[in-house]
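What follows is a set of notes on a single structure, which appears directly below.
The values are calculated or read from the model by the stated rules, or taken from the named source; none is laboratory data. What you are looking at is a predicted structure, and each value in this text was computed from that prediction instead of being measured. Cβ coordinates were reconstructed from backbone atoms using ideal geometry, including for glycine residues, and neighbour counts include every protein chain displayed.
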Amino acid sequence: MEELTYGRAALLHAFLAADGGNGLGDYSFWSGAYHRALQAHHQAMLGALQRLFAIELTFEGMPDSSRRALFMLVRSTAASLHQLTTPWSGYREAGLLLRHLEETGDVGVRVHEASHRIATRNDENRQDHLAILDDLLTVILGDRAESRFTEADLRALGVDPEPPSLADFDDLDDY
C-alpha cells in the first residue's frame, strides 16, 4: 500500500478548516469535546504543515509584498467560500420542516427543486473557490508548491494526521 502524503491540498484544507469555516471543518454541528478535538486537530495540522512548507499563512508571514498582496486575495476568497450556504444550511434535523413542506404540495416540490439547484451551484462555486485558492497558494509557495510530506514528518512534529474519531466521544451534547 502506498504511503499517504500531504501536499499543498492538505495545507489548503487545514488552512480552511482550522477556523471552523463552512463545509470545511464547520464545527457548529458538533459540540462539546468532539468540537474542541476536531478544531484542535485542524489547527495542529495547519501548524505542522506550515512548518514543513516553511511558510506562515498570515499577512505578516508572507515573504514579500507581492505575496502579501496575493494573500489578501487568499483571505477574501476563503471568506467568500465560508459564506456559501443554502436555505437548508444550519438545520441539524429538518424532518418536521420537510413534512410541513411536503404538505404544501406543488409549492413543496418547487422549493425542493430550487433548493437542489442552489446546492448544485454552491458545489460548483465551492470548486471554483478552491481552484482559485490552489492557484494562489501555488504562487505563494513558489518552489515548495509541489512538496509532499509523510505521516512520519507530521508525527515528528507531534501531530497525528488522523482526525479524532466520533466513536471516541460519548458526550455529544444535543446530538
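In the range 16-28, the qualifying residues are those that are part of a helix (DSSP H, G or I) and surrounded by 14 or more Cβ atoms within 10 Å (Cβ to Cβ), and the one that is modelled with the highest pLDDT is Leu16.
Just wondering, is there one or more residues in the range 88-111 that are within 26 Å of Leu57 (Cα to Cα) and free of Cβ contacts under 8 Å to residues at least 60 places away in the same chain? No, the range 88-111 contains no residue that is within 26 Å of Leu57 (Cα to Cα) and free of Cβ contacts under 8 Å to residues at least 60 places away in the same chain. Being free of Cβ contacts under 8 Å to residues at least 40 places away in the same chain and touching a helix residue (DSSP H, G or I) at 6+ places or on another chain (Cβ under 6 Å) is a description that does not apply to Glu124. Looking at the structure I just gave you, is Thr77 β-branched (Val, Ile, Thr), surrounded by 13 or more Cβ atoms within 10 Å (Cβ to Cβ), touching a residue at least 24 places away in the same chain (Cβ under 8 Å) and not in a loop (DSSP other than H, G, I, E, B)? For Thr77, the condition - β-branched (Val, Ile, Thr), surrounded by 13 or more Cβ atoms within 10 Å (Cβ to Cβ), touching a residue at least 24 places away in the same chain (Cβ under 8 Å) and not in a loop (DSSP other than H, G, I, E, B) - is met.
Residues in the range 45-65: is at least one in contact (Cβ under 8 Å) with a residue 60 or more places away in the chain, within 14 Å of the chain's Cα centre (by Cα), assigned to a helix (DSSP H, G or I) and surrounded by 12 or more Cβ atoms within 10 Å (Cβ to Cβ)? Checking the range 45-65: at least one residue is in contact (Cβ under 8 Å) with a residue 60 or more places away in the chain, within 14 Å of the chain's Cα centre (by Cα), assigned to a helix (DSSP H, G or I) and surrounded by 12 or more Cβ atoms within 10 Å (Cβ to Cβ).
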